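Below is one structure; the comments refer to it alone.
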Amino acid sequence: MLHKYIMEHGDSVGYRRGDMICREGEVCQVVGIITSGYFQYSVIDTKGENCITGFSLEGDIVTDYIGSFLNGNPAYTSITAGCNSTVVQVRIKQARAFISENHPQLISDVSSFLLAEAYRRYIDLHTKTAKERYIELSARCHGDLSMIPLQEIASYLSISRRQLQRIRESFV
């Protein structure tokens, strides 16, 4: 229902590679559906390096859900276009008003889903190999990871580019 609402009431906005929907430490103002391209969620580590913590791909919702959407607080991550991308988006305030009026249980349901997703990813970091996590990411992209640079994939998997190359070579 949120997906349908955004598609019906949102504006199509183009983002160039590197454009941010939201910067870590700022309140995210929009929620959208990616119609082309992808976005990366990232944080800066203690060494000052950018670490990819997740991706939103074509057809996914893109926003800072936990901090900004739920609570109106600053985002924990930056959300950046990984390539030229298009998003149909609405203001978070507008989406929250729609949900409150029409589907008040939705926020609880989505929150439960995201908590389960985050916990699964946390467990996967400890129980699955980088190769297994690469295969899962590849499945999310329908086998086509070509739009995501290798360094971003390696960062997301918490491995070096060299390790990623070895994983990719094992499929040839």
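The values are calculated or read from the model by the stated rules, or taken from the named source; none is laboratory data. On a predicted model such as this, the values are computed, not experimentally measured, just so you know. Remember, those area values only see protein heavy atoms, side chains included, never the ligands or the DNA or RNA. Shrake-Rupley method; radii C 1.70, N 1.55, O 1.52, S 1.80 Å.
Ranking Lys4, Lys47 from most to least accessible surface, computed with a 1.4 Å probe over the protein chains only, gives Lys47, Lys4. Available extension along the chain between Asn84 and Ser170 is 27.9 nm, counting 0.36 nm per residue and deducting the alpha carbon span. Taking the chain as the reference, fit the longest principal axis to its C-alpha atoms, fit the long axis of helix 130-140 to the helix C-alpha atoms, and give the angle between the two in degrees, 0 to 90, nearest 10. That helix lies at roughly 40 degrees to the long axis. With every protein chain in place and a 1.4 angstrom probe, the accessible-area ranking of Thr77, Thr46, largest first, reads Thr46, Thr77. The 1.4 Å probe gives accessible areas that order Leu70, Leu125, largest first, as Leu125, Leu70. Within straight-line reach of Lys128, meaning a Cα separation under 13 Å, sit the following aspartates and glutamates at least 8 residues removed in sequence or on another chain: Glu136.
Taking 8 Å as the Cα distance limit and 6 or more residues as the minimum spacing, I'd like the relative contact order of the chain as a percentage. Intermediate values should be presented prior to the final figure.
Values: 275 pairs, mean separation 44.1, N = 172.
RCO, the chain: 26 percent.
Only protein heavy atoms count here; on that basis, with a 1.4 Å probe, Cys141 has an accessible area of about 10 Å². With the whole protein complex present, Tyr122 retains an accessible surface near 120 Å², based on a 1.4 Å probe. Counting only residues at least eight positions apart within a chain, or on another chain, the aspartates and glutamates with an alpha carbon under 20 Å from that of Lys4 are Glu58, Asp60, Asp64, Glu101, Asp109. Annotation: aspartates and glutamates with alpha-carbon distance below 17 angstrom to Lys131 (same-chain offsets under eight excluded): Asp144, Glu152, Glu169.
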